[in-house]
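Below: one structure, written as structure tokens.
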Amino acid sequence: MLVTTTSTLQDRHIADYRGVVSGEAILGANVFRDVFAGIRDIVGGRSAAYERELSRAKAAAMEEMIAEAERLGANGIIGVDIDYETIGANGSMLMVAASGTAVVIQ
């Protein structure tokens, strides 16, 4: 599956547009608690544990989006956008959402 943030593909033809596809992953409050409990993990202002959790959430959102595109018979996704939003009471959860347009590429 070709996945790109661009809306066009160089040297490739988009034969059909199958529609918007998306995937979401939510990190719950326990993730933040666990990360902050391991605050000693921070080096140079970065938390490796927090970054690992964000990477896992992003991968899950992307996998869900790709699976939806495959169900639509697409072999590519263009115009991909990844958003990070806090949700819930007091922003206690983090949502990672990936969306794009499923296409058939020739």
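Throughout, read-outs are computed from the coordinates displayed, never taken from laboratory work. Computed from a prediction, not measured in an experiment: that's the story for all the values here. Neighbour counts run over all protein chains shown; Cβ positions are idealised from the backbone, glycine included.
Entry remark, the range 85-106: residues being surrounded by 13 or more Cβ atoms within 10 Å (Cβ to Cβ) and within 23 Å of Arg56 (Cβ to Cβ) number 9 in total. Across the range 56-73, the qualifying residues are those that are within 9 Å of the chain's Cα centre (by Cα) and of a type in the set (Gly, Ala, Ser), and the one among them that is surrounded by the fewest Cβ atoms within 10 Å (Cβ to Cβ) is Ala59.
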